Amino acid sequence: MLEMSDFPVIKEETVALDFEPLGLAGHHFVLPHPSNLRRFTIEKKKGRAIQLDLHQPLKSTPKAPTIILFPGCAGNSNDLINIARRFAADGFLAWTVDYSVGDVARQDFSEYTISELVVDVSLVVDFVHQFSGVDQAQLFIAGHSFGSFSSFLYAARNHDPRIKAVIGICPVYDVVELGFNHFNELTQKFTRLGRHLRIFAKRSKRQLKKVVFFFWRLTGKLFVIKRNGSWAVLTKVFLDDIIGVNSREKVLGDIAGIEQPCLLLYGENDPWISEDNVLEIYADIKNDHKAMKVLKGEGHLPLDEKGADLIYKYTVAFLKQYCPIIPVKGA
């Protein structure tokens, strides 16, 4: 059984994050990075490993409510620091994760698939659940973007009673829909022409999907986002996994069976995930313990202080409603 130890006084560093979403406005964040984080490693096959950072409450308790935060595509534990710190300040053990695949700096996307992310979620849950400071009656998972995709699929397909609630932040469930939303945002730069292009894309979505998949298979690459100067490249392996295992229809069908309380959070100005996309997920979740909230003024990357405040506020209120044993201060 792993044990917790006392933390030294927090010393602050900063981590700079630059995102350039293919023709749309770029985003720059400077995030605080506490130097006293505890890092753990989960070894996998083929020399791969998952890295976890533990954000421990300043006041140590024998058992604490616990939330695991999974990053989006091209993301890592740094992205979720602002969110994790708020939960840690409120008495949670907050864990942030680096998946075993999808390292942008190393261009490590050869095995990056949604199925592989779900495997990582499973291994992380196993690891965290047996950590000595975790209150096993209060273990929650949350994901951003593809992290939401993998978290919801883990909950849907495993029916794991250890997980007491699932939170999706800007949830992705359909890569093709994400692409069309992005295209619609790009055409906003044009007035009359843009409107015609959007109408054409809407009417021809099925045919355009086939064309995109054809070129994706032909080249084996789809460039989706640039992080700190390096492109995230989704490969043919990712495409085959989407078509064969995690298609839109399959994913929505599985999500319908999630048994845990579910909270969906989405950015008001998200260029990739529309309100209609989130409503579709919400409608497909068949249990009654669910909620949906808009992050006002935020886009697809609610990683700043304001975005973290909103995510924390809505999540704690949701957990207090559906998991009322949580002894947190709340917002």
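Please treat every number below as a calculation from the coordinates, not as lab data. Source: prediction; values computed, not measured. Ideal geometry is used to build each Cβ from the backbone, glycine not excepted, and the neighbour counts take in all protein chains shown.
Summary of computed values
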item	result
Backbone N within region 264-306 under 14 Å of label point (7 Å from VAL30 Cα along the Cβ vector)	305
Lys, Arg +1 and Asp, Glu -1 on Cβ, resulting dipole of region 1-135 about Cα centre, debye, nearest 20	260
Footprinting exposure proxy for ASP288, ASP270, ASP79, ASP18 (fewest neighbouring C-beta atoms within 10 Å first)	ASP288, ASP18, ASP270, ASP79
Convex hull of region 105-205 built on C-alpha atoms - directionally averaged projected area, nm²	9.5
Net dipole in debye of the chain [+1 Lys, Arg Cβ; -1 Asp, Glu Cβ; about Cα centre; nearest 20]	860
The chain, helix-only ellipticity at 222 nm - DSSP H runs n ≥ 4, -39,500 (n - 2.57), divided by all residues, nearest 500	-11500 deg cm²/dmol
Between region 124-203 and region 206-271, the Cα center-to-center distance that results, in Å	10
Region 40-120: equivalent-ellipsoid semi-axes (sqrt of 5 x gyration tensor eigenvalues, Cα, Å)	26, 13, 10
The chain: antiparallel DSSP beta bridges as a percent of all, rounded to 5	55
Taking N as its residue count, the alpha carbon Rg of the chain over 2.2 N^0.38 Å	0.97
Phi to ³J(HN,Hα) by Karplus 6.51 cos²θ - 1.76 cosθ + 1.60 over region 45-62, Hz, x for Gly, Pro	6, 6, x, 8, 8, 9, 10, 10, 10, 9, 9, 8, x, 5, 9, 6, 10, x
Rounded, prolate or oblate (a/c below 1.5 giving rounded, otherwise prolate when a/b exceeds b/c) for region 233-331 by Cα gyration tensor	oblate
Global geometry of region 77-139, whether rounded, prolate or oblate, following the gyration tensor of its Cα atoms and the 1.5 cut on a/c	oblate
Shape of region 248-288, Cα gyration tensor, a/c cut at 1.5	oblate
